[in-house]
Amino acid sequence: MISYEPFFDTMKKKHISSYWLIMHGLSKGTYESLRKGKPCSTVTIDRLCKLMDCDVPDIITFKKD
């Protein structure tokens, strides 16, 4: 199962708010999907890495069920 826990940890470490992400191009719907653990595209992961100046493991991780 893909987890977005690292995304929220990275936001906290970098002092990035959901408002900041939305103001810089992330849709509110996409943010809500991530918050609820719903799937997202690699395009979204790419955008988040660029916005937050981080790597993929800072956004997602795989956890065995």
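The values are calculated or read from the model by the stated rules, or taken from the named source; none is laboratory data. Model, not experiment: these values are computed from the prediction. Here the Cβ is made from the backbone with ideal geometry for all residues, glycine too, and neighbour counts use every protein chain on show. Only protein heavy atoms, including side chains, enter the accessible area calculation; ligands, DNA and RNA are left aside. Shrake-Rupley method; radii C 1.70, N 1.55, O 1.52, S 1.80 Å.
Quick look at the numbers
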quantity	calculated
Residue within the range 17-25 that is within 17 Å of P6 (Cβ to Cβ), modelled with pLDDT of 95 or more and surrounded by 13 or more Cβ atoms within 10 Å (Cβ to Cβ) present	yes
Hey, P6 assigned to a helix (DSSP H, G or I) and not hydrophobic (A, V, I, L, M, F, W, C) or not	yes
Residue check for T42: under 17 Å from D55 (Cβ atoms) and open to solvent by 90 Å² or more (accessible area, probe 1.4 Å)	yes
Selection from the range 1-15 of residues that are over 16 Å from L26 (Cα atoms) and open to solvent by 20 Å² or more (accessible area, probe 1.4 Å)	M1, I2, E5, P6, D9, K12, K13, K14, H15
